[in-house]
């Protein structure tokens, strides 16, 4: 499993309607081993495992898969039943049509429609009046789930021509770029939608009942961690670094191992919106968050696994990433 993390903004969004549902957000955080203090730090991050567990447990506690972002509750099990309704489709286009039809049955206020217009097809969410007052995370989550689920169906990260979101960016735009796999994201749009090439709808499904059973064990975590972009230079560099965390190599050595000139590697990473320094920093950060959630590892051992030769350097870096020390972060777990 890739060690990844998400902005604390998304944890806040998950809990936004929990109080109105009669729940204690602090208790939900502690149940999922997330320090409540982290939610007060704008730059804090949470491992994907903790975030996925928080989202699932909050949905279960609210008995609502929309987390209170729709006028009507979406019963627990709706997503699972949608998957079973869709999995027998022959093509992605048929699967997306069934996906939309399934959720239109609920009239929850978040109803997807598929609009084909020549070379482009739009998956658009029809929102009910007053929907914007509930916050944008409901539609963001719905589109994210749709994109990741469709990508899983065809076993590739589906390229999007555009992602339209309602309202301004509540977190840094780069966070949404990560969520939507570096596809173009536009804010303050009149409706939330995904735009993709119509030709993609002809792709045959690569999944069946057997793989669906595996997917449904923890679909939230599965969609957060699935990775089909193994051919990208960013993925290749990250994978190579992950194999050498004890002593992270310099860019020149990485270029040699990948059989390219260092300047060529810089250009190719830049074309993907990445840099060697950023890849290394994010890998260290996400590895640290992952292992801090494990029992029985000392700070010194975690520092080593995250590619630091000294604990003091690790502690300084971690505080810069999250606003708290590793000790404080772990204490809150």
**OP:** Those residues that are surrounded by 15 or more Cβ atoms within 10 Å (Cβ to Cβ) and under 15 Å from residue 100 (Cα atoms), I need them from the range 68-84; list them, please.
**Re:** 74, 78, 79, 82, 83
**OP:** Could you look through the range 214-241, keep only residues that are touching a residue at least 24 places away in the same chain (Cβ under 8 Å) and more than 25 Å from residue 159 (Cβ to Cβ), and pick out the one that is nearest to the chain's Cα centre (by Cα)?
**Re:** 218
**OP:** Go through 265, 205 for me and flag whichever is touching a residue at least 60 places away in the same chain (Cβ under 8 Å) and either touching a helix residue (DSSP H, G or I) at 6+ places or on another chain (Cβ under 9 Å) or in the same structural domain as residue 123 (by TED's automatic domain parsing) (or both).
**Re:** 205
Original post:
For residue 65, all conditions in the list (1) free of Cβ contacts under 8 Å to residues at least 40 places away in the same chain; (2) in the same structural domain as residue 149 (by TED's automatic domain parsing); (3) surrounded by 20 or more Cβ atoms within 10 Å (Cβ to Cβ) hold save one; what is the number of the exception?
Top reply: (2)
**OP:** Scan the range 200-241 for residues that are over 30 Å from residue 267 (Cα atoms) and in a helix (DSSP H, G or I) and report the count.
**Re:** 13
**OP:** Please tell me if residue 26 is part of a helix (DSSP H, G or I), without any contact (Cβ under 8 Å) to a residue 12 or more places away in the chain and in contact with a helix residue (DSSP H, G or I) (Cβ under 8 Å, 6 or more places away or on another chain).
**Re:** yes
Original post:
Right, residue 154: surrounded by 16 or more Cβ atoms within 10 Å (Cβ to Cβ), in contact (Cβ under 8 Å) with a residue 40 or more places away in the chain, in contact with a helix residue (DSSP H, G or I) (Cβ under 8 Å, 6 or more places away or on another chain) and assigned by TED's automatic domain parsing to the domain that holds residue 92 or not?
Top reply: yes
**OP:** May I ask you to say which residue of 114, 125, 54 is within 19 Å of residue 149 (Cα to Cα) and buried (at least 18 other Cβ atoms within 10 Å of the Cβ)?
**Re:** 125
**OP:** State whether one or more residues within the range 150-165 are at pLDDT below 90, in a helix (DSSP H, G or I) and within 14 Å of the chain's Cα centre (by Cα).
**Re:** no
**OP:** Tell me, yes or no, whether the range 297-306 has at least one residue that is modelled with pLDDT of 90 or more, in a helix (DSSP H, G or I) and within 17 Å of residue 46 (Cα to Cα).
**Re:** yes
Original post:
Can you tell me which of 134, 124, 101 is out of contact with any helix residue (DSSP H, G or I) (no Cβ under 7 Å at 6 or more places or on another chain) and farther than 21 Å from residue 185 by Cβ?
Top reply: 101
Original post:
If residue 259 passes every condition in (1) outside any loop (DSSP other than H, G, I, E, B); (2) more than 24 Å from residue 10 (Cα to Cα) but one, which one does it miss?
Top reply: (1)
**OP:** For the range 4-22, enumerate the residues that are touching a residue at least 60 places away in the same chain (Cβ under 8 Å), in a helix (DSSP H, G or I) and touching a helix residue (DSSP H, G or I) at 6+ places or on another chain (Cβ under 6 Å).
**Re:** 13, 14
Original post:
When you scan the range 167-197, how many residues do you find that are within 22 Å of residue 92 (Cα to Cα) and either touching a residue at least 40 places away in the same chain (Cβ under 8 Å) or in a helix (DSSP H, G or I) (or both)?
Top reply: 9
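The values are calculated or read from the model by the stated rules, or taken from the named source; none is laboratory data. Owing to the predicted nature of the structure, the values given are computational and were not obtained by experimental measurement. Glycine also receives a Cβ, built like all others from the backbone with ideal geometry; neighbour counts cover every protein chain displayed.
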